[in-house]
Amino acid sequence: MIEVRNVFKHYGNVTALDDVSFTVNEGEIVGFLGPNGAGKSTMMNIVTGYLSSTSGEASVCGIDVLENPDEAKKKIGFLPEQPPLYREMKVSEYLNFVYELKKCTLNRKAHLDEIMAVTKIAGVKDRLIGNLSKGYRQRVGIAQALVGNPPVMIFDEPTVGLDPKQIIEIRNLIRNLGKNHTVVLSTHILPEVQSVCDRILIINEGRLIADEKTENVARAAASDRKYTVKVAGPRRDVLRELRALGGVRFAEDTGDGDADGAVFAVEAERGIDIRKQMFNMLAAKGWPIMELTPRGMSLEEVFVMITDEDERRRNAPERRAGKE
Ligand code: ADP
Ligand code: MG
């Protein structure tokens, strides 16, 4: 449905996109996740034909976006970061305006009524856009994207600036649209991709650093690399020995505990199960484990882990030596 191949984008000497390639299949809801400045908007503006890439290819429904931007745009409903709303227009007036702009041929009244029903804005159709709450304005922005019933919907940070209730409503709306559209959205909020998307593309400093099914990211987040362990033993000595244990990346005294023991946070190196060594070491010292609880990782921590690894890889001396 969407094909992006080796896209680069330079703004002067800023590299906003650095060799980005990905595919989005029909029916998927894909999330573009990355911190501010990562290149999300640049990517979306290129896919939607609003910005040209420095090099590389992008196509939507088999139509090359650079060669045929007008044809490609017909396949895409786009909600840009700054939706093109006219504050002095009434909602219904605006949607009629967009209908004409897009040269839509569907039955006008039936089509616009359906869009207003789906986005739940029928009740405000005679209000001025400028007088609507941010949440309603965002619905109008989504409504304009739906005019013409394009198969692909692209939303750039659709929930930014909304309050928690509005965020939930917009996420539900996008999930519903995902039932009969291919959807790409960008966000810098991890729980958003987790709650809405089937797949996550993580972008950092213009580079795509992960392309994973959401369930896999969630599974990684739940993996048993972090524990809290309650040990009946002298705090300082236990901490020292935990830190010295092979496979332990990090250990710290949480300060918690009770008469049973002191509570420590322990994190294993990637791919290492430290439970046996930890048990054996503490048993040998005569400090029994009173409790052992896997902590899992928050999605935030997974994100930091992936971006850190990417940075480490890029800064690795052998790579630099090889490149230069
Ligand atoms: P995101 O949407 O992920 O926050 P952007 O795509 O807006 O990221 O920006 C990516 C990078 O490109 C940033 O470093 C940003 O400062 C830069 N950038 C974006 N647009 C322009 C522009 N028109 N001129 C110069 N630099 C830009
Ligand atoms: Mg942006």
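Does GLY56 qualify as being in the same structural domain as PRO191 (by TED's automatic domain parsing), more than 23 Å from ASP308 (Cα to Cα), assigned to a loop (DSSP other than H, G, I, E, B) and more than 13 Å from ligand 2 (Cβ to nearest atom)? Give the steps one after another, and end with the answer.
Numbers: in the same structural domain as PRO191 (by TED's automatic domain parsing): yes; more than 23 Å from ASP308 (Cα to Cα): yes; assigned to a loop (DSSP other than H, G, I, E, B): no; more than 13 Å from ligand 2 (Cβ to nearest atom): yes.
The answer is no for GLY56.
Counting only residues that are in contact (Cβ under 8 Å) with a residue 60 or more places away in the chain, give me the strands (runs of 3 or more DSSP E) lying completely in the stretch 212-291 with at least 1 of them.
Numbers: elements: 226-231, 248-258, 261-268.
Those strands (runs of 3 or more DSSP E) span 226-231.
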Open item on the list: The conditions are (1) among the hydrophobic types (A, V, I, L, M, F, W, C); (2) exposed (fewer than 15 other Cβ atoms within 10 Å of the Cβ); (3) within 22 Å of the chain's Cα centre (by Cα), and VAL14 fails exactly one of them. Which is it?
Closed with: (3)
- [ ] Those residues that are within 13 Å of ligand 2 (Cβ to nearest atom) and either polar (S, T, N, Q) or more than 16 Å from ILE202 (Cβ to Cβ) (or both), I need them from the stretch 17-46; list them, please.
- [x] ASN36, SER41, THR42, ASN45, ILE46
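Have a look at GLU81, GLU67, GLU71 and point out the one that is modelled with pLDDT under 95, open to solvent by 30 Å² or more (accessible area, probe 1.4 Å) and in contact with a helix residue (DSSP H, G or I) (Cβ under 6 Å, 6 or more places away or on another chain). So that I can check it myself, show each step before the final result.
Working: GLU67 fails: in contact with a helix residue (DSSP H, G or I) (Cβ under 6 Å, 6 or more places away or on another chain); GLU71 fails: in contact with a helix residue (DSSP H, G or I) (Cβ under 6 Å, 6 or more places away or on another chain).
Within the list GLU81, GLU67, GLU71, the selection yields GLU81.
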TODO: Would you mention how many residues in the stretch 44-53 are part of a loop (DSSP other than H, G, I, E, B) and out of contact with any helix residue (DSSP H, G or I) (no Cβ under 8 Å at 6 or more places or on another chain)?
DONE: 1
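Listed residues LEU208, LEU185; which is at pLDDT below 95, part of a strand (DSSP E or B), within 16 Å of ligand 1 (Cβ to nearest atom) and not β-branched (Val, Ile, Thr)?
Values: LEU185 fails: at pLDDT below 95.
Residue meeting the stated conditions: LEU208.
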Open item on the list: Name the residue that is nearest to THR23 (Cα to Cα), counting only residues in the stretch 137-179 that are open to solvent by 20 Å² or more (accessible area, probe 1.4 Å) and within 16 Å of ligand 1 (Cβ to nearest atom).
Closed with: VAL160
- [ ] From THR105, THR119, THR54, grab the single residue that is of a type outside the set (D, E, K, R) and more than 26 Å from the chain's Cα centre (by Cα).
- [x] THR105
TODO: For the stretch 1-60, name all the residues that are closer than 17 Å to ILE154 by Cβ and free of Cβ contacts under 8 Å to residues at least 24 places away in the same chain.
DONE: THR23, SER52
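Yes/no matrix, rows are residues, columns are (1) away from ligand 1 (no atom under 12 Å from the Cβ); (2) assigned to a loop (DSSP other than H, G, I, E, B):
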| site | (1), (2) |
| --- | --- |
| HIS10 | no, no |
| GLY27 | yes, yes |
| GLY31 | yes, no |
| ALA38 | no, yes |
| THR42 | no, no |
| GLU67 | yes, yes |
| ASP70 | yes, no |
| LYS73 | yes, no |
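The values are calculated or read from the model by the stated rules, or taken from the named source; none is laboratory data. Everything numeric in this text was worked out from a predicted model, so none of it was measured. Neighbour counts run over all protein chains shown; Cβ positions are idealised from the backbone, glycine included. The protein model used for the area step is the full one, side chains on, heavy atoms only, and it has no ligands, DNA or RNA in it. Shrake-Rupley method; radii C 1.70, N 1.55, O 1.52, S 1.80 Å.
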